[in-house]
Structure formats: structure tokens, C-alpha cells
1. With respect to residue 128, is the statement that it is surrounded by fewer than 18 Cβ atoms within 10 Å (Cβ to Cβ), closer than 23 Å to residue 318 by Cα and touching a helix residue (DSSP H, G or I) at 6+ places or on another chain (Cβ under 8 Å) true?
2. Could you tell me whether residue 92 is under 22 Å from residue 165 (Cβ atoms), part of a helix (DSSP H, G or I), touching a strand residue (DSSP E or B) at 6+ places or on another chain (Cβ under 7 Å) and outside the structural domain of residue 306 (by TED's automatic domain parsing)?
3. Could you go through the stretch 4-17 and let me know if any residue there is modelled with pLDDT of 95 or more, in contact with a strand residue (DSSP E or B) (Cβ under 9 Å, 6 or more places away or on another chain) and assigned to a loop (DSSP other than H, G, I, E, B).
4. Could you tell me how many of the residues in the stretch 246-258 are out of contact with any strand residue (DSSP E or B) (no Cβ under 6 Å at 6 or more places or on another chain) and touching a residue at least 12 places away in the same chain (Cβ under 8 Å)?
5. For the stretch 190-210, state whether one or more residues are in contact with a strand residue (DSSP E or B) (Cβ under 9 Å, 6 or more places away or on another chain), without any contact (Cβ under 8 Å) to a residue 24 or more places away in the chain and surrounded by fewer than 17 Cβ atoms within 10 Å (Cβ to Cβ).
6. Consider residue 291 against the criteria (1) closer than 21 Å to residue 83 by Cα; (2) free of Cβ contacts under 8 Å to residues at least 24 places away in the same chain; (3) part of a loop (DSSP other than H, G, I, E, B): it satisfies all of them except one. Which criterion is unmet?
7. When you look at residue 280, is it part of a helix (DSSP H, G or I), outside the structural domain of residue 61 (by TED's automatic domain parsing) and surrounded by 16 or more Cβ atoms within 10 Å (Cβ to Cβ), yes or no?
């Protein structure tokens with residue numbers, strides 16, 4: 001069986017370093033907001049040439065806290081792609097705002113910049129872009145709109161570690177950028193973990209306060225904060241893997257290149273363009289007979305995933321929040337036809353060639 005993902009295999013090259021680092025952290029005995037977190041924050045910020053990185057408990061919290069510290073008026077409208085993972089939308093709701101869906105571009109699967117302006121109203125205060133699957137959004141026209149309408153810009157970078165748009169890294173365009181280090185991410189921890197990047201010292205200060213019960217001085221709480229802290233062990237592991245992020249990216253791009261080169265045209269493949277340096281957190285294809293294709297691959301011992309089977313506007317959690325009369329046909333078409341195929345740091349080129357051979361016989 002060729003797995004979709006195998007975290008044991010993926011992390012095996014790092015295990016010796018993990019074990020040694022764990023012993024160091026255990027011996028030191030400082031497990032929350034210690035030197036490992038500070039060092040990871042400094043190294044992750046430096047990797048992006050960003051001013052500040054604030055480690056938090058997970059990617060969802062990274063987005064919630066980013067919205068909270070921007071201090072938007074309660075009930076502000078935040079524009080978000082209609083085909084994103086529901087965490088992006090949940091973050092907007094938990095921050096006390098209203099998500100406004102804009103359809104994606106059918107080529108990139110990211111928010112369509114040409115459709116954003118028509119969704120802007122007097123209540124719009126921010127755009128939350130999602131660099132989905134490991135491809136950056138088309139940022140130039142989006143930045144024009146944020147400037148024109150004085151909108152905050154938050155980046156959801158949960159799937160775009162090391163991705164670039166016109167040479168600029170994801171997470172360096174907006175007022176704040178939320179990252180998830182969930183174990184399956186290109187830069188994955190061994191548990192839940194997240195971070196926010198920003199270039200504003202005051203935003204970073206507020207994030208550090210907000211993640212720690214609203215406190216800058218122990219037992220002195222200035223605001224109603226959260227308990228959302230990146231712990232020392234995960235920070236230590238992330239420091240190790242950050243040193244190998246470029247190698248992880250290179251490997252996944254090599255596997256994606258095999259799909260690009262050898263997969264027949266019956267499948268709609270990710271589009272390659274010189275403006276985008278894609279990192280393929282997810283290598284998705286689309287096919288009209290997606291469910292039949294998935295079953296066929298499973299029969300041939302190839303595991304796949306669907307990101308995502310249910311469009312956000314059909315989720316029960318959002319019932320009564322969104323206008324049920326508004327349709328999102330592009331999002332629905334993507335969710336109906338998309339299939340994620342193996343493309344992990346754990347996979348070999350021979351395994352991917354086997355997947356291609358089976359796919360091409362469908």
C-alpha cells in the first residue's frame with residue numbers, strides 16, 4: 001500500500017535529533033515559553049526576513065489572535081475564499097466578525113482578485129487570503145484593493161510554508177500571517193503548534209500578551225486573553241525541521257514534477273506559472289469521476305484524501321450564519337471533483353511513478 005501520508009517515515013530522518021533535543025529540554029525543566037520558543041521565533045522570523053514571530057498553540061489560534069489584535073470593530077465583515085478549510089471561517093467567527101465569501105479562481109483555487117471588490121461594503125474591514133494547497137494567492141491586485149479601501153490583510157499560511165509569489169515568501173504580505181505546524185504540514189511539529197508573523201512591534205507585543213492570559217507581567221492581566229502558547233518541546237522539534245525545510249520543499253517539488261510530466265491530460269493538474277513557487281503541501285487533481293477514481297486507486301493500494309469533501313457553505317456549523325440564497329458554484333465544483341494524491345516528504349520517486357502508472361490506466 002502506498003500511503004497518502006506516513007508520519008513515522010516522514011520524521012524518521014529527524015528522530016535522532018528529536019531524541020537528543022528532547023533530553024535537553026527535559027533536563028532543563030523549563031517547558032512553557034522558554035528559550036526554545038524564543039529561538040524558534042527568532043529563526044522563523046529570520047527565515048522570512050520578518051520583524052517578529054509569535055508562537056501559539058495551533059494554526060486556528062494564530063488566525064483568531066491575528067484578528068483580535070487588529071482591533072477591528074465588532075461585527076466587521078472579513079472577506080475570505082468560499083472554498084477554504086473551515087478553520088479560516090471559524091477564526092473570523094470566534095473573533096466576533098462576519099465572513100463574506102468570495103469565489104476562487106478555477107485555475108489557482110485561490111481567491112479570485114477580480115471578484116473581491118464587488119464584495120466590499122461599508123462594513124468590510126479586512127481580507128483574509130488563504131494560500132491553499134501550497135500556492136500563493138495572486139497578491140498584487142489584492143494589495144491594491146487593501147490600500148484603496150484601507151483594509152487589513154491577514155494571511156492564512158497553514159498550507160504554504162516556503163511558498164513564494166514573485167519571489168516573496170507567503171506570510172510577508174499582510175498585517176499578520178497565521179501558520180499551522182500540524183504534523184502533516186510541510187513544516188510539521190509532532191503535535192499541534194502554530195505561529196503568527198508580523199512586522200509591527202505593537203502587534204507582536206499584543207499577540208504575546210493575548211496568547212498568555214492577557215498578561216505581560218505574571219499575575220497581572222491587562223486584557224481578556226487566551227491560553228495559546230507554543231510549548232518548548234514542539235518549538236525544539238520545529239527548530240530542527242526548519243533547518244531542513246528547503247530540502248523538504250525541494251523533494252515535494254520533485255515529486256510534483258513527476259506528476260506534471262507524466263500524468264495524462266485526463267486529469268486536471270495544478271497549474272505551473274513563473275510567478276508562483278509552489279510547495280505542494282497538497283498535490284490535488286480534479287476529475288469528473290472523482291469518487292470512482294478514488295475507489296479505483298484504493299483497490300490498487302494507493303491511498304488518497306479529499307481536501308475538502310464538503311463546501312463550507314454546506315457545513316452544519318455555518319447554518320443560520322450565511323445567507324442560504326447565495327450560491328457558490330465554483331467552490332462546489334472544486335469540492336465535487338478534487339482529489340489529493342500522494343506527494344509527501346516520505347514518498348520515493350518510484351512510489352510516485354507507480355501512482356502515475358495506475359492513474360494513467362484509469
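The values are calculated or read from the model by the stated rules, or taken from the named source; none is laboratory data. No experiment lies behind these values; they were computed from the predicted model shown. Note that we place each Cβ from the backbone using ideal geometry, even for glycine, and neighbour counts take in every protein chain shown.
1. no
2. Working: under 22 Å from residue 165 (Cβ atoms): no; part of a helix (DSSP H, G or I): yes; touching a strand residue (DSSP E or B) at 6+ places or on another chain (Cβ under 7 Å): yes; outside the structural domain of residue 306 (by TED's automatic domain parsing): yes.
Here the answer is no, as residue 92 does not meet what is asked.
3. yes
4. So the answer is 9.
5. Taking every residue of the stretch 190-210 in turn, at least one turns out to be in contact with a strand residue (DSSP E or B) (Cβ under 9 Å, 6 or more places away or on another chain), without any contact (Cβ under 8 Å) to a residue 24 or more places away in the chain and surrounded by fewer than 17 Cβ atoms within 10 Å (Cβ to Cβ).
6. The one condition residue 291 does not meet is (3).
7. no
Per-residue answers, yes or no, for (1) touching a residue at least 40 places away in the same chain (Cβ under 8 Å); (2) under 26 Å from the mean Cα position of the chain (by Cα):
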position: 295; (1), (2): no, no
position: 304; (1), (2): yes, yes
position: 321; (1), (2): yes, yes
position: 332; (1), (2): no, yes
position: 340; (1), (2): yes, yes
position: 351; (1), (2): yes, yes
position: 356; (1), (2): yes, no
